[in-house]
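K.L.:
Okay, handing you the structure first.
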Amino acid sequence: MLWNISICICLLWIAYQDFKQRAVSIVLFIVLALLLLGLNLSIGPWKEKYPQMLANILFLAFQFSVILIYFRVKTGRWGHVMDQKLGWGDIAFLCCLTLNMPFLSFFLFYAVSLFLVLLITLIRKDWRDPEKGVPLAGCQALLFVGYFMVERTGYINWEQTFQQVLS
């Protein structure tokens with residue numbers, strides 16, 4: 001129970017900082033990573049968990065490589081994509097999630113959360129300002145709080161639900 005409360009508080013704090021300041025302290029990401037890893041390892045052995053974590057990390061590496069190559073082709077030069085188009089906090093947040101979620105859940109959460117944030121961005125005109133940007137980590141943190149609370153209460157087993165939908 002302490003794991004759940006600590007993780008939810010950390011996620012809400014990340015969302016608050018991202019919405020309020022458009023910057024999140026690196027300490028919060030470290031705390032979140034340790035909490036998610038600790039929870040994950042407390043509910044099962046390491047040898048069952050690390051293949052899922054590795055799959056998540058490889059997926060993110062592939063995704064970020066595609067983004068880098070896309071902007072290289074688009075602009076004709078290697079730029080600072082991670083500083084100008086995608087924030088380091090957004091990357092750090094996604095890296096934290098890789099430590100807790102099974103691959104299928106991570107992949108679907110990532111896709112659905114990006115789609116929902118895109119829809120919200122289309123509605124919120126102030127987020128379209130390139131100087132201000134989109135609080136992606138904050139939005140995803142709020143969405144993950146919902147996902148996490150539903151999963152931890154046992155109301156829905158996301159892994160089984162996703163497998164049933166896909167089969």
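The values are calculated or read from the model by the stated rules, or taken from the named source; none is laboratory data. In this text the structure is predicted, and so the values were computed from the model without any measurement. Counting neighbours? That spans all protein chains shown, and the Cβs are built from the backbone with ideal geometry, glycine included. Just so you know, the surface numbers come from the protein's heavy atoms only, side chains and all, with ligands and any DNA or RNA stripped out. Shrake-Rupley method; radii C 1.70, N 1.55, O 1.52, S 1.80 Å.
K.L.:
Rounded to the nearest 0.05, what FRET efficiency is calculated for Met149 and Ile69 with R0 set to 45 Å and r the Cβ-Cβ distance? Please report the intermediate quantities before stating the final value.
P.N.:
Details: r = 37 Å, r/R0 = 0.82.
Efficiency, rounded to the nearest 0.05: 0.75.
K.L.:
Roughly how many Å² of Thr153 are accessible to a 1.4 Å probe, to the nearest 10?
P.N.:
Counting only protein heavy atoms, the figure is 110 Å².
K.L.:
Given a Förster distance of 25 Å, report the FRET efficiency between Leu122 and Leu34 from their Cβ-Cβ distance, rounded to the nearest 0.05. Don't skip to the answer; put the middle values down first.
P.N.:
On the way: r = 35 Å, r/R0 = 1.42.
For R0 = 25 Å, the calculated efficiency reads 0.10.
K.L.:
Under 1.5 on a/c is rounded, so check that first for the stretch 1-129, then, if it is not, pick prolate when a/b is larger than b/c and oblate when it is not; a ≥ b ≥ c are the square roots of the alpha carbon gyration tensor eigenvalues.
P.N.:
Numbers: a/c = 2.01, a/b = 1.35, b/c = 1.48.
Because a/c hits 1.5 or more and a/b fails to exceed b/c, the stretch 1-129 counts as oblate.
K.L.:
Could you sort Phe109, Phe115, Phe144 by accessible area so the largest value comes first, with the probe set to 1.4 Å?
P.N.:
Phe115, Phe109, Phe144
K.L.:
In terms of solvent-accessible area of protein heavy atoms at a 1.4 angstrom probe, what is the ranking of Met149, Met101, Met1, highest value first? If you can, show how the numbers build up before the last one.
P.N.:
Values: Met149 100, Met101 5, Met1 160 Å².
The ranking, largest first, comes out as Met1, Met149, Met101.
K.L.:
I'd like the orientation of helix 136-152 relative to the chain: the angle between its Cα long axis and the longest Cα principal axis, in ° from 0 to 90, rounded to 10.
P.N.:
10
K.L.:
Also: Leu86: accessible area at probe 1.4 Å, nearest 10 Å²?
P.N.:
Result for Leu86: roughly 30 Å² accessible.
K.L.:
If you don't mind, there's one more thing I want to ask. Given R₀ = 22 Å, what would the calculated FRET efficiency be for Ala23 paired with Ile91, taking r from the Cβ atoms and rounding to 0.05? Walk me through the numbers on the way to the answer.
P.N.:
Values: r = 14 Å, r/R0 = 0.62.
Efficiency at R0 = 22 Å is approximately 0.95.
K.L.:
Ok, one more. What is the helix-to-structure angle for 103-123, meaning the angle in degrees between its Cα long axis and the longest Cα principal axis of the chain, kept from 0 to 90 and rounded to the nearest 10?
P.N.:
Here the helix axis deviates by roughly 40 degrees.
K.L.:
For the chain, with the dipole built from +1 on Lys and Arg beta-carbon atoms and -1 on Asp and Glu ones, taken about the Cα centre, which of Phe19, Phe162, Gly133 lies farthest toward the positive end?
P.N.:
Gly133
K.L.:
Per residue, what accessible area does the chain have, given a 1.4 Å probe and all protein chains present, in Å²? Can you show the working numbers first?
P.N.:
Values: 10140 Å² over 167 residues.
Heavy-atom SASA per residue in the chain reads 61 Å².
K.L.:
Can you tell me the orientation of helix 2-21 relative to the chain, as the angle in degrees between its alpha-carbon axis and the longest Cα principal axis, to the nearest 10?
P.N.:
That works out to roughly 10 degrees.
K.L.:
Specify whether the C-alpha gyration tensor of the stretch 1-77 places it in the rounded, prolate or oblate class, a ≥ b ≥ c being the square roots of the eigenvalues: rounded for a/c under 1.5, otherwise prolate if a/b is larger than b/c and oblate if not. Show your work: numbers first, answer last.
P.N.:
Numbers: a/c = 4.08, a/b = 1.33, b/c = 3.07.
In terms of gyration-tensor shape, oblate.
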